[in-house]
Amino acid sequence: MIFAIEVELPEFKKDFKKLKKKYASLDEDFKSLKTSQLKLYHKLKVNNGGVLPIPGLGIETPDIYKVKKFACKSLKGSGSNSGLRLIYAHFPEADKIEYIEIYFKGNQANEDRDRIKKYYK
């Protein structure tokens with residue numbers, strides 16, 4: 001575990017389960033993403049362009065991020081540009097992360113801002 005507290009919101013669990021039916025490697029890919037992107041960005045303070053803050057939400061705290069570099073072995077040949085997106089909230093003072101949404105950008109253009117605001121407004 002990278003963070004002291006990791007929470008998967010109910011809608012995230014539903015999104016994940018649905019995507020897992022289509023992308024068999026998703027469990028392993030998600031674990032890898034935590035060490036390759038989230039740890040790199042939040043713990044080691046290295047920005048490789050894979051994690052981006054989501055602007056314009058009108059939410060003071062926590063910080064909401066989108067992961068664009070999400071490697072998925074089930075999507076062969078795409079590398080980290082698989083088209084999968086992860087939306088999460090980071091609470092640095094509590095060393096906590098909450099997973100809000102995961103989606104394939106071919107099915108959905110952007111994050112569900114209403115879902116984000118429902119939890120953090």
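Remarks
- Residues whose amide H falls under 5 Å from that of Lys105, counting only those 5 or more places apart or on a different chain, are Leu84, Arg85, with hydrogens built in the peptide plane.
- Net charge contributed by nearby residues that have their C-beta within less than 12 Å of Lys18 (K/R +1, D/E -1): +3
- Extended-chain gain in nm, criterion 0.36 nm per residue less alpha-carbon gap, Tyr119 and Lys31: 29.3 nm
- Report note on the peptides 28-35, 42-49, 112-119: ranked by the mean count of other C-beta atoms within 10 Å, highest first, their order is 28-35, 112-119, 42-49.
- Listed residue pairs exceeding 23 Å between alpha carbons, taken from Lys21/Lys43; Lys31/Lys96; Lys17/Lys43: Lys21/Lys43; Lys17/Lys43
- Whole-Hz couplings from phi, Karplus 6.51/-1.76/1.60, listed for the range 89-106; x for Gly and Pro: 10, 10, 10, x, 5, 9, 6, 10, 9, 10, 7, 9, 7, 9, 8, 9, 5, x
- Its Cα gyration tensor gives the chain an equivalent ellipsoid; the semi-axes, largest first and in whole Å, are 21, 17, 14.
- In order along the range 34-39, the phi-based Karplus estimate (6.51 cos²θ - 1.76 cosθ + 1.60, θ = phi - 60°) of 3J(HN,Hα) comes to 4, 7, 7, 10, 5, 5 Hz; Gly and Pro are listed as x.
- Evaluated with a Cβ-only charge set (Lys, Arg +1; Asp, Glu -1), the range 1-100 carries a dipole of roughly 620 debye about its Cα centre, given to the nearest 20.
- Global geometry of the range 17-80, whether rounded, prolate or oblate, following the gyration tensor of its Cα atoms and the 1.5 cut on a/c: prolate
- DSSP beta bridge pairing in the range 5-120, given as percent antiparallel to the nearest 5: 75 percent
- Charge dipole (the chain, unit charges on Cβ, about Cα centre) - positive-most of Phe12, Thr61, Leu44: Phe12
- Distance between the 7 Å Cα→Cβ label points at Lys105 and Lys39: 2.5 nm.
Bear in mind these aren't lab numbers, they're just calculated from the coordinates by the rules spelled out. Since the structure is predicted, the reported quantities are computational estimates derived from the model, not experimental observations. Methodologically, a virtual Cβ is constructed for each residue, glycine included, from the backbone with ideal geometry; neighbour enumeration extends over all protein chains shown.
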